[in-house]
Amino acid sequence: MARSGITLHNVEKAKQTLLARGERVSIDAVRAELGHTGSKSTIHKHLKHLEDAQDEAHAQVLLSDELQQLLHHVAARLTKEAHATLDEKTVLFEQGIQDKDEQIAQLKAQIDTLTVLNQEQRDDADALRQENKSLRAKNDKSQQKLELYHQQISALEQQLDTAQQHNRSLEEKHHDARQALSHYREAMAQQRERESEKHEQECAQLRQVSHKTQQALTAKQTALADAHHHIDTLKSELAVVRSERDASIKSESANKAQYQLQKNTLEELNSAHIVLQAECSHLKQQCAKLEEANSNMIKEIDAIRTEKSRLEGRCQSQQDLIDKLTRSTSTSAPQ
């Protein structure tokens, strides 16, 4: 806003200085002579008043008193109306410029606020991207652990199959031992029956050949002892087979328990993997929303800047129009 307080005397003195230097008198020249102070409308009003006074003095010399009075009355009325119209337009224009300045200041404040908000959202988006990257790394580690557990479970399953095969082999051996023991007992029973029948048939002969029968009995007892010893050996082997089978069953139970533990761990990892995937999806949705909001803010900022440029261009156009009107008034004043 121009500084107030420029008097008619100041303008007249500046005008005389310009004329003394042989320069053209204009509003800008007078304002520059006054040190770039004062409103252009005020300077124009004072210049107009000085020109009117000069014209009036010149006209008073040439015209009659009656015509001079008429011209003076008309000139005063025209001057008053022109000054009133110019003052009204000047006030409206200055008020419009002030309103535009306030609007521009508000728009600048909004732009600054939106810029800060945009930067905050960019920082939030960067943090979310970093967190998403960390979750992806955790997910990759979980996948690696999951694959390792799958490999361990496969190895345990192979060990379990081997243990089951060994157990089946022991069961087959135990079955074969039982069958061998059963065949041996049947053979011994048949042998005893045959020997009993033979003993009954030869009972009379044994009485006659006591010495031979005693020797034969001793031989049979020796054979029987050997048979019992063989049976005891087979029982010992059967006990060893049973012990191995029990150990195999215990080992199989332990493998089954370890397999169940690994299976439970695998299920927990799968659940954690599903939760991580859900969190990653949620973070992606938040990133998309933030990017969309950021894009909308950038569009709003561009629209505000466009509106600011349009208002500044409009203000410049109005200023150019005022300067043009001022120059036109200054040019037509001496005529």
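The values are calculated or read from the model by the stated rules, or taken from the named source; none is laboratory data. These numbers were taken from a predicted model, which means no experiment stands behind them. All Cβ positions, glycine included, derive from the backbone under ideal geometry; neighbour counts span all protein chains shown.
Anything in the range 237-257 that is free of Cβ contacts under 8 Å to residues at least 12 places away in the same chain and within 54 Å of the chain's Cα centre (by Cα)? List them, or say none. Even if it seems obvious, please write down each step before you answer.
First pass over the range 237-257, keeping only residues free of Cβ contacts under 8 Å to residues at least 12 places away in the same chain: 239-240, 243, 246-247, 250, 253-254, 257.
Scanning the range 237-257 gives 250, 253, 254, 257.
A single entry from 243, 236, 248, 281 fulfils the requirement of being of a type in the set (Ser, Thr, Tyr) and modelled with pLDDT under 75: 248. Scanning the range 30-50 for residues that are surrounded by fewer than 16 Cβ atoms within 10 Å (Cβ to Cβ) and touching a residue at least 60 places away in the same chain (Cβ under 8 Å) turns up nothing.
In the range 19-50, what residues are among the β-branched types (Val, Ile, Thr) and modelled with pLDDT under 85? Let's see the steps before the verdict.
Here is the first cut: in the range 19-50, the residues among the β-branched types (Val, Ile, Thr) are 25, 27, 30, 37, 42-43.
Matches in the range 19-50: 25, 37.
The set of residues from the range 153-189 being farther than 26 Å from residue 244 by Cα and in contact (Cβ under 8 Å) with a residue 12 or more places away in the chain comprises just one member, 188. Count of the range 127-138 residues, restricted to those that are within 14 Å of residue 286 (Cβ to Cβ) and either surrounded by 11 or more Cβ atoms within 10 Å (Cβ to Cβ) or in contact (Cβ under 8 Å) with a residue 24 or more places away in the chain (or both), is 5.
If the condition is being surrounded by 15 or more Cβ atoms within 10 Å (Cβ to Cβ) and hydroxyl-bearing (Ser, Thr, Tyr), then the range 240-268 contributes 248, 251, 259, 265. What are the residues in the range 51-74 that are surrounded by 12 or more Cβ atoms within 10 Å (Cβ to Cβ), at pLDDT 75 or above and among the aliphatic types (A, V, I, L, M), if any? Those that are surrounded by 12 or more Cβ atoms within 10 Å (Cβ to Cβ), at pLDDT 75 or above and among the aliphatic types (A, V, I, L, M): 53, 70.
Take the conditions (1) exposed (fewer than 13 other Cβ atoms within 10 Å of the Cβ); (2) under 24 Å from residue 279 (Cα atoms); (3) hydroxyl-bearing (Ser, Thr, Tyr); residue 162 misses just one of them, which is (2). Only a single criterion out of (1) farther than 19 Å from residue 325 by Cα; (2) at pLDDT 80 or above; (3) loosely packed, with under 15 Cβ neighbours inside 10 Å is not satisfied by residue 91, namely (1).
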